[in-house]
Amino acid sequence: MQFHTSVLDLIGNTPLIQLCSVTEPGGPLVLAKVEYFNPGGSVKDRIAPTLIQAAEDAGELKPGGTIIEPTSGNTGVGLALVAQRRGYHCIFVCPDKVSIDKINVLKAYGADVVTCPTAVPPEHPDSYYSVSDRLVREITDAWKPDQYANPNNPRAHYEGTGPELWEQTQGRITHFVAGVGTGGTISGTGRLLKERSGGRVRIVGADPEGSVYSGGDGRPYLVEGVGEDFWPSALDRSVLDEVIAVSDGDSFAMTRRLAREEGLLVGGSAGMAVVAALRVAATAGPDDVIVVLLPDGGRGYLSKVFNDDWISAHGFEVPTDATVRAGDLL
Ligand code: PMP
């Protein structure tokens, strides 16, 4: 018989899939690292076991304790998965721009969720950072993984995502493109790839227009899970060769194309990263190998990115081929 004794065994070792339709013919190979194949559905499953194990080893997380984290959802799912297996309770604090679908997923895994306003600065008492700090102070045996400052976040990618990509591409990867949220993915993966290649692999961050990573002032944007209004310590700026800013409109249009043309139903931050990867591909050599990381699946965004009414209500263009085809049927 072939079986796993824990769903946690399935974290990592995600596939690389060539993007064939959204890319230009004759251009370099563009490979997508598709992270929705993780059991909780996102790249963030990768950090949860590393964060929790390190906290147990350090005595910061005690048996029966409570894990409290400000998270847009995906880190919450990963933490909730591991917490279940090890007998911890989880409370997640999310900004209110996070879709109700994502919040319901966290609740389904048995976590409690508190929502806070998106449009307040991090130091405001109602910000999701401040609220999570207060809960940690008030609840006994509470532990905050603090993914924005925890070195075990990039370490999980240095030990997992990075070596996987090096081996999957047989060391031929030339560019790695990923969205930057906490910076854990790009810092850990990027550092490993730089080391293995002797500095040859170019590390490119993708960022929503308005976020500080690409020179913005942190003004709100709609793509979830990426961009920030401050510089977290989990982000190692020295690893980044370049950051490409992508508009919400371009991110959402590409996200929808990935579902229709590549069969990849992914979230908005994946569309954003692919837009950046295609800009890299436009100036790369024909033998280059560009890997772009797609952080999560699209089912959590059906009422937003994939909903025509939501798209037009936010001033973005609804793809015309959808309208024409529906019209033809009438
Ligand atoms: N995309 C999504 C949907 C995410 O939830 C996250 C995590 N915040 C990221 C991208 C960015 O990953 P990281 O935090 O490792 O930079």
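Sorting the Cα pairs of region 19-78 by distance into bins of 5 Å, from 0 upward, gives 4, 15, 17, 16, 13, 10, 8, 6, 5, 4, 2, 0 percent per bin.
Please sort by residue number the chymotrypsin sites (Phe, Trp or Tyr not before Pro) in region 1-101 whose DSSP state is loop and whose Cβ has at most 10 other Cβ atoms within 10 Å. For chymotrypsin sites (Phe, Trp or Tyr not before Pro) across region 1-101 that sit outside H, G, I, E and B with at most 10 neighbouring Cβ atoms in 10 Å, the list reads 3. Its alpha carbons considered, the chain gives a radius of gyration followed by a Dmax of 19.4, 65 Å. Reducing region 201-216 and region 104-146 to their Cα centroids gives an inter-centroid distance of 26 Å. Across all Cα pairs in region 50-152, the calculated P(r) in 10 Å bins from zero up to the longest distance comes to 16, 50, 30, 3 percent per bin. Please compute, over every Cα-Cα pair in region 174-234, the percentage with a separation greater than 20 angstrom. Of all Cα-Cα distances in region 174-234, 29 percent exceed 20 Å. Normalised Debye scattering of region 117-176 at q = 0.12, 0.13, 0.14 Å⁻¹ gives log10 I(q)/I(0) of -0.53, -0.58, -0.63, counting only Cα atoms as equal scatterers and leaving out solvent. Given DSSP loops and a limit of at most 10 other Cβ atoms within 10 Å, what is the longest stretch of the chain that contains no such GluC sites (Glu not before Pro)? Counting only loop sites that pass the neighbour cut-off, the longest clear stretch is 124-316. Computed about its Cα centre, the charge dipole of the chain is approximately 560 debye, with only Lys, Arg, Asp and Glu carrying charge at their Cβ.
Find out how many positive minus negative residues lie around residue 191, taking Lys and Arg as positive, Asp and Glu as negative, among other residues whose Cβ is under 14 Å from that of residue 191. That sum, taken over residues with Cβ under 14 Å, equals +2. Starting with the fewest neighbours, write out 320, 118, 161 ranked by other beta-carbon atoms found within 10 Å of each beta-carbon. The most exposed by this proxy come first: 320, 118, 161. Counting lysine pairs in the chain that sit 8 or more residues apart in sequence, or on different chains, and whose Cα atoms lie under 24 Å apart gives 20. Among residues other than residue 158 with Cβ under 12 Å from its Cβ, the summed charge is +1 (Lys and Arg +1, Asp and Glu -1).
Computed from the C-alpha gyration tensor, the three semi-axes of the ellipsoid equivalent to region 193-316 are 25, 19, 12 Å, from longest to shortest.
Hey, what did region 43-94 get for relative contact order, percent, Cα under 8 Å, at least 6 apart?
Worked out over region 43-94, it gives 45 percent.
Using R0 = 35 Å, the C-beta based FRET efficiency linking residue 283 and residue 230 works out to 0.70. Across the options 83, 153, 99, the greatest Cα extent toward the positive end of the charge dipole of region 69-202 (unit charges at beta carbon of Lys, Arg, Asp, Glu) belongs to 153.
The antiparallel fraction among DSSP beta bridges confined to the chain stands at about 15%.
Which whole-number percent is the relative contact order of the chain (Cα, under 8 Å, 6+ apart)?
19
Using the Cβ of residue 251 as centre and a radius below 14 Å, the other residues enclosed give a net charge of -3, where K and R count +1 and D and E count -1.
Here, each number is a calculation from the coordinates, and none is a lab measurement. This one's a predicted model, so the numbers in the text were calculated from it and none came from an experiment. Ideal geometry is used to build each Cβ from the backbone, glycine not excepted, and the neighbour counts take in all protein chains shown.
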